[in-house]
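K.L.:
Below: one structure in structure tokens.
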Amino acid sequence: MNKPKLEIKLSFIIGLKEITLNEISQYPNLHVTKKEEDFVYLDFIQDFSQLECLRSVLLVSITSQDFIYHPLYISNHKSIVGNLVAMIIKGKKNKFKTFKIICAGSDSPEVRSIAEYIQETYRLTEEEDADIKIHIIKNDNAWEVGVQIMPRPLSIRDYKVSNIGGAMNPTIAYAVNSLCKLENADSYLNIFSGSATLLIEAGLCYPNLKRLVGFDNDKEMLSLAIQNIREAGLIKRIKLKEKNIFNKPNLGKFDVITSDLPFGMLVSKYEDIENLYRCFIEYCQEILNYGGTLVIYTSQHEILKKIILKSEFKVVKKLKLKFATSTNTYLYPKIFVCKFKKNGTKSF
Ligand SMILES: C[S@@+](CC[C@H](N)C(=O)[O-])C[C@H]1O[C@@H](n2cnc3c(N)ncnc32)[C@H](O)[C@@H]1O
């Protein structure tokens with residue numbers, strides 16, 4: 001048997017490929033070998049610590065591909081998957097206690113014999129919600145065997161005190177912020193800050209930002225946001241306010257504004273979404289510095305597009321995303337990067 005060729009597979013939300021490729025390009029020793037719509041492959045590297053820092057990536061796996069790696073072959077050459085598991089748990093045995101195999105026909109005798117081998121060899125228990133996720137899947141022209149390098153997806157951040165419905169996926173927050181040219185900005189406002197995902201990702205990635213401000217009109221959200229901000233070690237840098245957009249709060253002017261707009265059920269029945277979006281755009285016109293950048297994330301893009309068209313803003317870039325929710329329905333949100341139509345000389 002030839003020695004399996006190993007690769008690193010990074011998965012991300014559909015629509016964020018350019019963001020992930022840009023992030024990878026900041027690490028000179030990460031080499032992309034293949035790009036698909038929602039994952040890329042890299043040349044294998046021994047040290048996973050850099051991979052664990054990637055902020056636009058959902059999952060990282062070590063993989064090996066060959067057209068002969070179907071479950072029957074793997075059940076006769078169990079060390080192929082065993083060596084991947086050994087690599088992941090090396091020196092971290094206390095982090096990994098359980099495993100599961102994701103494979104069509106997971107009850108078949110072949111897959112069961114692989115599971116028994118993993119259980120006995122590495123003293124791991126098979127469980128649905130497992131620390132080690134092993135996959136054996138058929139790609140276009142080959143079978144792929146892979147193991148995720150961490151028990152939790154990379155997108156689950158340590159600063160999240162609790163996971164609430166409506167909170168933004170942190171990889172999307174990273175993407176929104178990376179479209180703002182924050183390295184050249186001093187001040188950052190997040191309107192409709194919710195649990196503060198955008199503010200925290202901005203604070204962690206851009207330590208030079210001088211003024212980080214957010215507001216929301218929901219007390220419970222603000223209290224959860226403060227807990228998250230404290231957990232992230234940013235309590236001294238991020239200022240949160242309880243404000244309603246309809247009152248157009250006076251907070252000064254900003255180089256960058258970001259927003260994950262309320263939508264559907266998340267808007268109170270007393271608020272009309274179109275009015276809310278119009279008020280939001282009018283307010284941004286008043287408080288964004290000339291040359292500044294406004295980046296908006298929303299699933300209700302048709303309403304927003306109409307309002308932007310009639311405003312002082314133009315859309316200079318758009319990203320179309322697609323992902324499944326926890327109830328397995330698909331969302332098709334968009335990110336809009338906006339500038340003033342008549343721009344000043346300074347560009348943030
Ligand atoms: C989609 S959520 C933002 C989620 C946030 N990005 C996060 O990661 O948690 C929209 C937020 O807008 C807030 N909101 C709705 N109407 C508002 C209004 N009139 N003024 C201020 N905030 C409002 C809601 O309380 C909610 O937290």
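The values are calculated or read from the model by the stated rules, or taken from the named source; none is laboratory data. From a predicted model like this one, the values you see are computed outputs, not experimental measurements. Every residue, glycine among them, receives a Cβ derived from its backbone with ideal geometry; neighbour counts consider all protein chains shown. Quick note on the areas: whole protein, heavy atoms, side chains included, nothing else; ligands and nucleic acids left out. Shrake-Rupley method; radii C 1.70, N 1.55, O 1.52, S 1.80 Å.
K.L.:
Over the range 148-205, what is the relative contact order in percent, taking alpha-carbon pairs closer than 8 angstrom and at least six residues apart?
P.N.:
Taking the mean separation of contacting Cα pairs over the length of the range 148-205, I get 38 percent.
K.L.:
For each pair in 318/339; 239/342; 160/243; 100/138; 5/95, compute the distance between the two Cα atoms and list the pairs where it is over 20 Å.
P.N.:
239/342; 160/243; 5/95
K.L.:
Just the projected area, averaged over all directions, of the convex hull on the alpha carbon atoms of the range 170-340: how many nm²?
P.N.:
Details: hull surface 37.9 nm².
For the range 170-340, the mean projected area of the Cα convex hull comes to 9.5 nm².
K.L.:
Continuing with this model, one more query. Over the range 6-66, consider all pairs of different Cα atoms and compute the Kirkwood hydrodynamic radius from their mean reciprocal separation; express it in Å, one decimal.
P.N.:
Computed over the range 6-66, the radius equals 11.5 Å.
K.L.:
Here is a further query. Against the globular-protein guess of 2.2 N^0.38 Å, express the Cα radius of gyration of the chain as a ratio, rounded to two decimals. Present the calculation step by step, with values, prior to reporting the outcome.
P.N.:
Working: Rg = 22.8 Å, N = 348, 2.2 N^0.38 = 20.3 Å.
My calculation over the Cα atoms of the chain gives 1.12.
K.L.:
What is the calculated FRET efficiency for residue 38 to residue 317, with r their C-beta to C-beta distance and R₀ = 22 Å, to the nearest 0.05?
P.N.:
For R0 = 22 Å, the calculated efficiency reads 0.65.
K.L.:
Where in the chain are the helices, taken as whole DSSP H runs, whose Cα atoms extend 20 angstrom or more along the long axis and whose Kyte-Doolittle mean reaches at least -1.0?
P.N.:
Going by DSSP H runs, the hits are 273-287.
K.L.:
In angstroms, what radius of gyration and Dmax does the range 6-148 have, counting Cα atoms only?
P.N.:
Looking at the range 6-148, its Cα Rg and Dmax stand at 15.3, 45 Å.
K.L.:
What does the accessible area per residue of the chain come to in Å², with a 1.4 Å probe and no ligands, DNA or RNA counted? All intermediate terms of the calculation are to be shown ahead of the outcome.
P.N.:
Numbers: 17210 Å² over 348 residues.
Per-residue accessible area for the chain comes out at 49 Å².
K.L.:
Let me ask you something else. Measure off, as a whole percent, the carbon and sulfur share of the 1.4 Å-probe accessible area of the chain, all protein chains present. Walk me through the numbers on the way to the answer.
P.N.:
Working: 8640 of 17210 Å².
Of the solvent-accessible surface of the chain, carbon and sulfur hold 50 percent.
K.L.:
Using only Cα atoms, what Kirkwood radius does the range 103-185 have, in angstroms? Kindly include the intermediate steps, with their values, before the conclusion.
P.N.:
On the way: mean 1/r = 0.0606 Å⁻¹.
Final number for the Kirkwood radius of the range 103-185 is 16.5 Å.
K.L.:
May I pose another question? Mean residue ellipticity at 222 nm from the helices of the chain, using -39,500 (n - 2.57) per DSSP H segment of n ≥ 4 over the full residue count, to the nearest 500 deg cm²/dmol?
P.N.:
Result for the chain: -8000 deg cm²/dmol, rounded to the nearest 500.
K.L.:
Turning to a different aspect of this structure: Would you please state the base-10 log of I(q)/I(0) at q = 0.13 1/Å for the range 134-236, with intensities from the Debye formula using one equal scatterer on every alpha carbon?
P.N.:
Here the Debye-derived log intensity ratios amount to -0.55.
K.L.:
Per residue and in cubic angstrom, what volume does the convex hull of the Cα atoms of the range 47-93 have?
P.N.:
It comes to 107 Å³ per residue, whole-number rounded.
K.L.:
For the range 73-224, what D do you get in µm² per second when you plug the Kirkwood radius from alpha-carbon pairs into Stokes-Einstein at 4 °C and 1.567 mPa s?
P.N.:
Numbers: Rh = 18.6 Å.
It diffuses with D of about 70 µm²/s by this estimate.
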